[in-house]
Amino acid sequence: MGWFEFALAFVAFFLTHSVPVRPPLRPILVGALGRRGFSIVYSLVSLAIVAWLIVAAGRAPFVLLWPWAPWQSYAALLLMLIACIWLALAAGQPNPFSFGGGRKAPFEPAAPGIVRLTRHPFLAVLALWASAHVLANGVLAHAILFGVFAVFAAMGGRLIDRRKKRELGADWALLKQQMAATPFSAAVPLTRVTAKRVAVGVVAWVALIAAHPLLFGVAPWP
């Protein structure tokens, strides 16, 4: 199907990431599935659409934009290492400013964790992942695919900020001010928990490198 399938997958991506999360559909879906059920179904659908996008990009016509060089792979691997560690530091952590934050513990502005570096750590991970793959892929379809993801991550933070400001009201500015008063060292405190999370990120990075040829048919190392 070539470019048509690629375009169709992109339309499906934007529809599934805009329509279900806005009224009047979101309240209906949350009422039918519950908040947890909605999050699970939405996440599964999103992953399926992203997987389709990646497959469709591989089926699109081959148009070379720039030649490959070994340094691009090394740079991409470094960016992915940072992304994996960042993801491990953010997973399950309280975050009132964005999506994906854990709710089991209250957010402490004096100990914000990775949120001190960015209010939207998962979008930062997405941007790093996309940038790494733009760098390593000089083919038009993949450059479009991962470039759009990078722009999507950059713009997504502003949209989430608007929504969270409405939801939290005056608390949004207060929490932001209190968090800004903490040093940047609070983002990655030197604790045993932090060390474990960093180790998990490194292990995930190694696992992704090992699985990449099996999942996508391409070895990420030079």
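The values are calculated or read from the model by the stated rules, or taken from the named source; none is laboratory data. Keep in mind that what you see is a predicted model, and the values were worked out from it rather than measured. Cβ sites come from the backbone with ideal geometry, for glycine too, and all protein chains shown count toward neighbours. When the accessible area is computed, the model is the full protein with side chains, heavy atoms only, and any ligands, DNA or RNA have been set aside. Shrake-Rupley method; radii C 1.70, N 1.55, O 1.52, S 1.80 Å.
Assorted remarks:
- For residue 142: the one exception among (1) touching a residue at least 40 places away in the same chain (Cβ under 8 Å); (2) more than 30 Å from residue 15 (Cβ to Cβ): (2)
- For the stretch 164-203, a residue qualifies if it is closer than 30 Å to residue 51 by Cβ and either touching a Lys or Arg at 6+ places or on another chain (Cβ under 8 Å) or open to solvent by 40 Å² or more (accessible area, probe 1.4 Å) (or both), and the qualifying residues are 196, 197, 198, 199, 200, 202, 203.
- Scanning the stretch 39-61 for residues that are of a type outside the set (A, V, I, L, M, F, W, C) and surrounded by 13 or more Cβ atoms within 10 Å (Cβ to Cβ) gives 39, 42, 46, 58, 59.
- Every pair of residues 6+ apart whose Cβ atoms lie under 7 Å, when the first sits in the stretch 31-56 and is free of Cβ contacts under 8 Å to residues at least 60 places away in the same chain while the second is among the hydroxyl-bearing types (Ser, Thr, Tyr): 45/16; 46/16; 49/16
- Qualifying residues in the stretch 11-24 (those that are modelled with pLDDT under 90 and in a helix (DSSP H, G or I)) - the one nearest to residue 45 (Cα to Cα): 16
- When residues of the stretch 9-32 are limited to those that are touching a helix residue (DSSP H, G or I) at 6+ places or on another chain (Cβ under 6 Å) and farther than 30 Å from residue 142 by Cα, the one most open to solvent (accessible area, probe 1.4 Å): 29
- Given (1) part of a helix (DSSP H, G or I); (2) under 28 Å from residue 71 (Cα atoms), index of the condition residue 218 fails: (1)
- Qualifying residues in the stretch 98-157 (those that are in a loop (DSSP other than H, G, I, E, B) and hydroxyl-bearing (Ser, Thr, Tyr)) - the one farthest from residue 79 (Cα to Cα): 98
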